[in-house]
Structures are given as C-alpha cells and as structure tokens.
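Taking it in order: structure first as structure tokens, then the write-up.
All of the numbers you see were taken from the coordinates with simple rules; none came from a lab. Predicted model, so just to flag it, every value in this text is computed and none were measured. Reconstructed Cβ throughout: ideal geometry from the backbone, glycine too, with neighbour counts over all protein chains shown.
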Amino acid sequence: MIDSQTTNNPITTLPYTPIPATLTKIVTESWDTKTFHAEFNDEALKDSFTYEPGQFQQVSVFGVGECTFCLTSSPTRKGHIEFSVKKVGSVTSALHDMSEGDLVGIRAPLGNFFPYNEWKGKNLLFAGGGIGMAPMRSLLNFCLDNRDDYGEITTIYGARTPGDLCFAYEFEEWNSKGKLHLTVDVGDDDWKDHVGHVPGYLKELAPSPDNAIAITCGPPIMIKFILPEFASLGFKPEQIYTTLEMKMKCGVGKCGRCNIGSKLVCLDGPVFSLAEIDELPPEF
Amino acid sequence: MSEETTVLAEEKDQSAEPQKWQPSILAILCNWCSYAGADLAGSARMQYPETVRIVRVPCSGRTDPMFVLKGFQRGFDGVMVLGCHPGDCHYAKGNYYARRRIALTQDLLKSLGIAPERFHFEWVSASEGNRFAALINEFTHKLEELGPFDGVA
Amino acid sequence: MAEIQDKIREEAKKALESGEVGVVIGWGAGSVPFKTTPVFIDKPQDADKLVWNPACTNNLAVYLTRWARDGKVGIVAKPCDIRSIVTLIREKQVKRENVFIIGLGCGGVVDTGLMEAGDVRMREITSLQWDGDDLMVTTEAGAVKVPAAQALREQCKVCHDRSPAISDVSVGDAVAPSEDLKIEIPGLSEDRQKYWQEQFAKCIRCYACRQVCPACYCETCFCDRIEPKWTAKKATTDEAWMFHATRAMHLVGRCIGCGECERVCPVGIPAVELARELNAVAKERYDFEPGDPEAEKPLLGAYKENDVDPAHHSE
Amino acid sequence: MKDRVLLKDKTGDFLGFLAERFEIVAPVERADAPAEFKELAESDVPALDGSKPMMTPKDYLLPRHEVLVKIDMAGGETKVETPLPEEKPRVMLCAWLADAQAIQVLDRVFLDRKFVDPYYSCRRENLVLFAVIPAEMRWSWFSGSVDDVETWKSSVDGLMYDLGDRFYIESTSEKGAELIASAPLSEASETDTAAKNKLWDAFKNTGLQPFAGKALYENLAWDDPIWEEMAQKCIACGMCSFMCPSCSCFDIQDETCGHCVERYRCRDTCQFEDFTLMGHGHNPRATQLPRSRQRLLHKFKYQHEQFGVVGCTGCGRCVELCPVNIDIREALNRTCVEPMEQKAEA
C-alpha cells in the first residue's frame, strides 16, 4: 500500500481538511477542458507529497464546494500535481474562471491505484476516449518514465473532433517512447489520422492479448462498446482495467454515496479490473 | 449564485454595525417607478440613511415572497417593497398580482410572530423622489423605535 | 363500514374490468392492524385488497401527478383528498378526464399517536372500527371504546366538508359537517416568534412534510435548487425557518388542510398551521377556498381591482 | 462483576455521581417531540426509562449539522481551521439497546476504515455506554429477528433494566463494572435478578419475525419484485434514514459569509434523487426503485459483507414512522422467507 501514511500529509489525521495550494499553470486543452497545475503552499509537503497513478483528489474552490478529480500527472514528475477539469457544474465552472496564482484546497491522494508492479515485463495497451485520457495519462507517463520495466506501450486515443483531443503537447513523447494511435469521430481539413470511434479502431489495430494488459477509460458509451472488442481480441477480464466514476463527497469512505454493491469507489476504487467489475451489481 | 442572493449575502455583510446602531433595510424596488424615484431622490441630493440596500426588480410582481423571507432570515431589521401605483403598472397588471401576494406575505409574517412594522409595502411613482426619501426616513425611525431584529433563530 | 368497503371494491373492479382505468389507487391493509398502506390495484381480481377503515389516513392525491400524467387512473378518496384533487385540476397538474374518483363520505380518521398516549396497547390491537361516534378498538384482550374526541385527528375534528365535492361515483351517505371546533395548539397563542423558533429548531429536514403533500407538486423544490440557493441543506433553525415559511407561502390557496404534513412529522412540528391561518385569511379577504371546485383560477393567479390594499394596511 | 440496582427516587444521587466524573449524555424530554440525546444541562429532564419514542444517539455522535472546516480569507491570507469537538470522558445513558448496537455500525464506518473520522472519534473514544431495557417493549421492535441479541451486550458497558420502582444495572464490561461498583447504588436481590432475566427474555423475543435466524444477506435478491412495489408507494422523503440509528450518509456543503467559508456536513440519504446525481447529469440510481433497493441491501447485505455486522438493529422507528407504511419487516419476510418456502415446496 502506498505510503501517504508515513508522510507528513495531514489527510491521514484530518481527512476532511483541504490543504491550501496555488494554481501555478493553467493549460487550455479544449473548448471545455483545462488542465490545472497546482503546488502546495507548504514547502515541506510540496517536497514530500507522493501518490500513485490512478489515485484521485478532492479539489476545493472555497465557498463554492469540492469536486473529485483524478491526479492526471505522474508521480515521477515531482513538485506539482495536475488535474484536468471539464466544465459541467458549479465547482468546475468556478475552476475554469480561476487564474494562475489563485488558491485552491486539495485533499489527496485518495483511492487505490493501478497495480503496475504486477505488470512489469508486460505489454500495455491504453485505450481512452475524451476526458477519459486524464486518469490514464498519470499511468502512461509513469510507465514511460520507467520505460525499461514494460514491453510495448501502445496508446489509442480518440475524441469527438481534433479540437477535443487533450494533452496534444505530449503526443510526441507518447509516440516516440511508445506508439500512439489517434482517432476522431469527425475530422477536419487538417486531420490526417484515423477517423472513427475508439472501439472500431481497436478492432482494426487488433493488438495481441498475449502477455498484455489493457487499460481503458472514457465515456460510458465507449466503455460499453469497447469491452466486447477486447473480448473478441482474446483479452480476459483479468487483463482489462478501468477507473469507475461515482458521485463522491468525502472521498474517504464515510459519506456513503459512491457504493456499488458493497464496494466503495473512493476506497476500493477507482481502479477496478473487469473481473472485479463483473462481480458488482450493475449500478454505475 | 444568482444576483438576488449575492446581493443579500454581501449587503448584510457590509452593513456591519457602525458606532450608532442604524437599522438595516432591504428595499425591493420596481424598476419603472420606485427605483426611478430613488434615483431622483439621489440626484436631487435628498438625504436618507445609507443602511438601505436596494434590490431592483423589473416589476413589483416579480417580488417573490421568498425575497422578503430571505431578507429576514439574513437578519435585516426591516424589509420594504415598493411598486407602481395601482393602474400604473408598466406591464399593465403586475402590481395587482403583487398586491395579493404581498398582503398574504404580511399575514404570514404576522403568523410567524414578526412585528408587522418591520415590513413595509407602498406605492411610489417615478416622480416621487421626495416621497421615497421620506418613506425611507419614516421606516428607519419606526425601526429605530422597534430596536434591532433579533432574527428568526 | 363493511358495506362501504364492499362498494369500493365493487366500483374499483368495475372500473378496471371495463378498462376505464388502468389502475386504482386506494388503501390496503397495513402491516399492522392500526395502519393502512397505499395500494395500486391493476387487476380486477385484486380489488379485494382495498380496505376502508378509520386508519385510512393517507391523502392518496399525492400520487396523482406521477400516475395520472399519461392515462386515466382510479382513486379512492375521502372528501379532503378530493379537495386536493380539485386543487391539482385547477392548477393543471392533473386533467379531470384522467381521474376516476371513487368518493367517500368520511367522519374523520384516527390519530394513532393519540391512541398510544391513551391506554391502548398497540401491539395487542387486532382491528379498528367506528361504532357510531366512538372508535371501537378490538384487542386480544377484548374491545375498548375510545371517544371520537380522543381518537380523531385534529384536522378531522374541524372538518367542514365531509362529503365529496366532486366524484365519478360516490360511495356511502353524505356525512354532516362537524361542529365548529377549534384546533388549540398549546403555546402558539403566546410569543409566536419564539414558538416557531422552538418548533423549527426540531426540524431534521427529512422533507416528509413536503413529500407527503399533494400540493407540493413542484418537479424541483426551491430548496433543492443549487442556484440560487434559497435554503441551505443543513438542519439549523434559521434554514428550517426559511424552508417552512416559504413552504407555507407556497401553500396559500393550495393547502386544503388535510394535515398529512403534521401527521408524518417525526418531531411534531404543526407545519399545517401556517398555511391554515393564511387560508383562513384568503377565505375572508378574497372569498377563496382551495378545495372549492367552483373557483376557476388559483388564488395568486388572479386579482380584483378592489382587492384589499396592503399599502394602506401598514400605515 | 456484581450487578446492582438504582432506586428511581435516588436517580438524582446517581446522576450527581456521574456528573462529577463525566459529561452525561442522555435523552432529554421535549414538548410534542421525541426526546433528544444531548449533554445534560442542569435544567434538563432526562428520559431514562426508554419507554417513549426518542431520537437516535447518532444525533449526538454525528450531529445533524457539523462544521468540518473554517476557512478565513480576510486580508488576502487563507487560514484553514479544523474545529474538533472537545475530547472528554462521556457517559451515554439510556440508549435503546438497538441504538447502542447501531453505534457499532457507525464505529465500523467512522473508526475502522482506512481513514478515521476525527470529529466522530473525539466524541466516541472515551464514551461509556449504558443501554436501557424498558419495562415494556415497543410494538415495532424486532431486534431479536436481525441478530443474536446476546452478543450485543458486549457492545455496551452496561444495561439498565426498568423494573418499575428501580433500575437493575448490569455491567457488561470492565469499565462498566468499575463504574457501578463505586456508584451510589444498592445491592440487587434475587427477586431483582429474576425480574431482570424476565425482561431480557421479553426483549429477546420481541417482535420475532419469520425471517429471524435466516441469513438475509444470502437471500436478498437484486431482482425481487418487492423493490418495484416499495418504489411505487415510496414518497421519497428521508425520514427512514434520518431517524435510523445506523444510517450515517451525509452531504458536505460550503457556506460563505463575507471573507469566511464554513464547510459543514449535514444528513443526506440514498432516498433523495440528487444523492448520486453527478455534475454531468448521469445518475446511477435515477429512479426510486434502485433507491428503495439500496436502502435494504445496504443494511442487510453490503454492510454485512463489509463489516460482518448487520446494518439494521430492529429499533422499529422506520416501521412506526413511515408515512406510507412501508414496513421493512414485511419486505424482508416477502423477499427472503417466501421464496425459501416456495423453494422448499418445489
């Protein structure tokens, strides 16, 4: 288990208390999505803060409320943390209105993480759609930074239009250290890559399930269609991982709203293998 | 937050007590008459207490009783609603609807045990800048006599 | 009583068999003999599950906005429930042609809380029946007679309209209005501000009062709205004050005084009282009664040029 | 461990003894409303005999409104403050045994998991807990049907049995034994002990249901027609959860006042539509049916799987208070016992 426990991170003793952090950089990813870079104001915490790919955080806009975001940066790249925000509700809108230098509150790291230690020596296949790339980006960059531990690292990333693709500034790295396949539902005049949905593209690329792990994240509709594709390629439920999303308030297993059956997404998740999901009642 | 609630939240905060206590008043004014009346009072440099917080509504008919209740919940000492004289509504009949609603709001406040003097409803036209200032002064005096509102809780 | 119950079942069966309605909403036997529970009968052979007894308290009109939206439903209704239906029709929440009303005359229903405060041992009750003006409580040990004044719900004691205002079929005889008793609420006549503060301090914000109320039909209640946030979710006295005061205001001209909100309140807040007082004013000042089928427009959706002028009231 | 008795006319002395050592938390009588657990002030009249309906002890341990964090942003600086309740020795008197057992469920949620809830823990850590067995059991109780109530005795430090003119005080922990040994109490006679045993048997056998002793968590079905039936009737208020001694779901909200933000928690329930509604509009429990199912499955299945304890302790409040008489006992009988009987017949 990860050791936020042994650090000086107050979340272990005061789990509801947000820690002040400053937005150091705001990157506009698409028309409705921004990525925020934040640094803890407390220098000691800034240095010692550590997390694992797949974990999430609660970000506060004081006076408006708190919202759940995955940590989209990789723990290998220290000093600041990143989270990507799609503008949908009151907190996300308030975040979008903020500027560099503004203050937020952060409670992190929360939840479980991708079992990357068990995946050493394997080929990794990332298949993401839209904002679903955010939780996978942490793991992807982590694996690229520990490149020698893994076999092939292939990414299939799709969005509605070219303008909806996030993290374009990292595509080069993803494609040089691994292999990146981009696709959009609707292209434009400049679009040279694939056009079509992620599940269809996956079928076309037909990666081998041998010694491989597939990680997939995206809108529910994409997940619904991609799972059968993985199955027909020969991926077993134990080889497929995703992160689940539920409404959360506390993030620490108390407030009671993120349960799926007897599992709490905030404590037992957000990372689940398909084998684990198959055991859960169909209520997410 | 909507405009109304923002106003309510901020105004109450700003009206933190000066040395001598002055009653805080929430005044909900129709855009076409009393708000213009207040404007007139202002441009004519008429004196009235600065502890009045004005919320402009398009018509007294827009005055949801919730505005009044929220004012009392937030601790205003008095709430006032001013609209166009009957027959003069910019939208023909908005103030007639307001009339019933406001009358019943008065009754509700009575039922809740809030002194009826803390709520004031009046018709004020755009030309009655004088009267607007006088009404505010009068209402302020009345509230001074009553003393601070001890709140709903 | 038993004959009325038989007639209800018969009418429900007929309406279901003829296909006039797809479902009949009525009361069924409760999980204990002194309670009933709403039932939704959709097969003629199930009509025998309907019951009529002194514990038929629920105002079933609360279900109409959900059930009678797309088709015709039957509803077994007491005169007060019918007043709620009248309001829903007037306010265009339900179409008259979408409800088939099996109307009942009613002398009142019981307040089980009052019975418990008396000497009745709830566990031993086997049935409740009216015996003239008295409530006959049958227990394992024998039968006890409880005078109506001790058993009736407060609202029933002052009920003026004990026969259906409108109905498609009417079951049972007309029932004479009650003598004009008053509801006495201890403490209310003294310091009202303090009284309501004490009451609202108890509120746990479970919203049972709102949910059980046929007149609270809004899709999204003002207090569930995020923007603007009219009341916070927390159960503090001032927020509860805001909730109950606003709800009372929303009920003027809608609340027909069935008292369901008061019955279901787990902490005993007489929530119906504020709306009842306002409606008394509305009756006197505007000659408006929410349960009156003749009143075409909602109270606050109408005006008269010579309405009382509140501006001169406050002078 | 020697059991003792408290003569009711000596209650004042006993409370005085406790007050010197503890903050006393007990149900306090209120006009026209169930008694409420609070720290006993001098003018308060505690309702000690447990005979009347009362609010749950969770209202004390987990207040309906609790400020978690205060954020002061005056002068451009941001100070984040965590106002924790005072830690002090407390004794809680006269919770129904079902309610006291429900505290075990709360403990599992707030103390046992990866994160300890500091607010709950401050009130709970040094709490000595005495439950009451009233002279007469309420009609709605069914504790004996959900669990082996003998095992519940270890969830409390002692039990007070109402024997009419006296309470028989039985200690069930070392802490409890120490306390009653030094308290101003009288010795129990054999008659007292016999009366107490009789009362205990009455509690054990109260409201026994056909589902008693059946492993509900194994038998509650996801696709049972009962969920639809419950959802039809349910008016979606939060009373069953808010009045439940073990329901503990909450919401967190921010409130701004000038330069200050208070972040508080307040009750919430799986019965409300917006409970699981996400910002982008998706709601995994979008209709009443899954919400009705969630309430029962959570108590009888999920919590059992998570903690090995049943979330419902049979206090009967929801049975008594449900505005539309959705009776949890009836639902359990229908979902569990009937299909089992049908299976047996076939």
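The mean number of partner chain beta-carbon atoms within 10 angstrom of a residue's beta-carbon across peptide D:325-331 is 4. Stokes-Einstein, applied to the Kirkwood radius of chain D over Cα pairs at a viscosity of 0.692 mPa s and 37 °C, places its translational diffusion at 151 µm² s⁻¹. When you count the other C-beta atoms within 10 angstrom of each residue and take the mean per peptide, D:272-282, D:258-268 line up highest first as D:258-268, D:272-282.
With pairing defined as another cysteine C-beta under 4.7 Å, the cysteines of chain C that fail it are C:CYS56, C:CYS106, C:CYS156, C:CYS159, C:CYS203, C:CYS206, C:CYS218, C:CYS221, C:CYS223, C:CYS255, C:CYS265. Within chain B, the cysteines lacking any other cysteine Cβ closer than 4.7 Å to their own Cβ are B:CYS30, B:CYS59, B:CYS89. Seen against the Cα atoms of chain C and their longest principal axis, helix C:2-17 is set at about 80 degrees. The calculated P(r) of segment A:167-284, using every Cα pair and 5 Å bins from 0, goes 2, 10, 16, 18, 18, 14, 11, 8, 3, 0, 0 in percent.
Short-range pairs are left out: with C-alpha atoms under 8 Å and at least six residues apart, the relative contact order of segment C:184-299 is 26 percent. Computed over segment C:184-299, the P(r) tail beyond 26 angstrom holds 19 percent of alpha carbon pairs. The translational diffusion coefficient of the protein assembly as shown, from Stokes-Einstein at 25 °C and 0.890 mPa s with a Kirkwood hydrodynamic radius over alpha carbon pairs, comes to 75 µm²/s. In summary, the helical segments of chain B meeting the span-like criteria, namely a full DSSP H run, a Cα extent along the axis of 18 angstrom or more and a mean Kyte-Doolittle hydropathy of at least -0.5, are B:129-146. Rg of the Cα atoms in segment D:83-189, relative to 2.2 N^0.38 Å, amounts to 1.17. Summing charges over all other residues whose Cβ lies under 12 Å from the Cβ of B:LEU143, with Lys and Arg as +1 and Asp and Glu as -1, gives -3. Sorted largest first, the spans of the alpha carbon positions of chain A along the three principal axes are 48, 44, 38 Å.
Three principal axis extents of segment A:10-110 based on alpha-carbon atoms, in descending order, are 34, 28, 25 Å. Per-residue ellipticity at 222 nm, computed for chain D from helices alone with -39500 (n - 2.57) per DSSP H run of at least four residues, works out to -8500 deg cm²/dmol. Each helix, a run of at least 4 DSSP H residues, gives -39500 (n - 2.57); summed and divided by the residues of chain A, these come to -6000 deg cm²/dmol at 222 nm. In a reduced charge model with +1 at each Lys and Arg Cβ and -1 at each Asp and Glu Cβ, the protein assembly as shown shows a dipole moment near 780 debye about its Cα centre. For segment B:23-145, relative contact order (Cα pairs under 8 Å, six or more residues apart, normalised by length) works out to 39 percent. With N the number of residues in segment D:243-291, Rg(Cα) / (2.2 N^0.38 Å) evaluates to 1.43. With the Cα gyration tensor of segment D:194-313 giving a ≥ b ≥ c as the square roots of its eigenvalues, does the rule (a/c under 1.5 for rounded; else a/b larger than b/c for prolate; else oblate) give rounded, prolate or oblate? Cα axes put segment D:194-313 in the oblate bin. Compactness ratio for chain C: Cα radius of gyration over 2.2 N^0.38 Å (N = residue count) comes to 1.03. Note: segment B:23-145, Cα convex hull, 83 Å³ per residue.
Mean projected area of the convex hull spanned by the Cα atoms of segment A:21-66, taken over all viewing directions: 4.3 nm².
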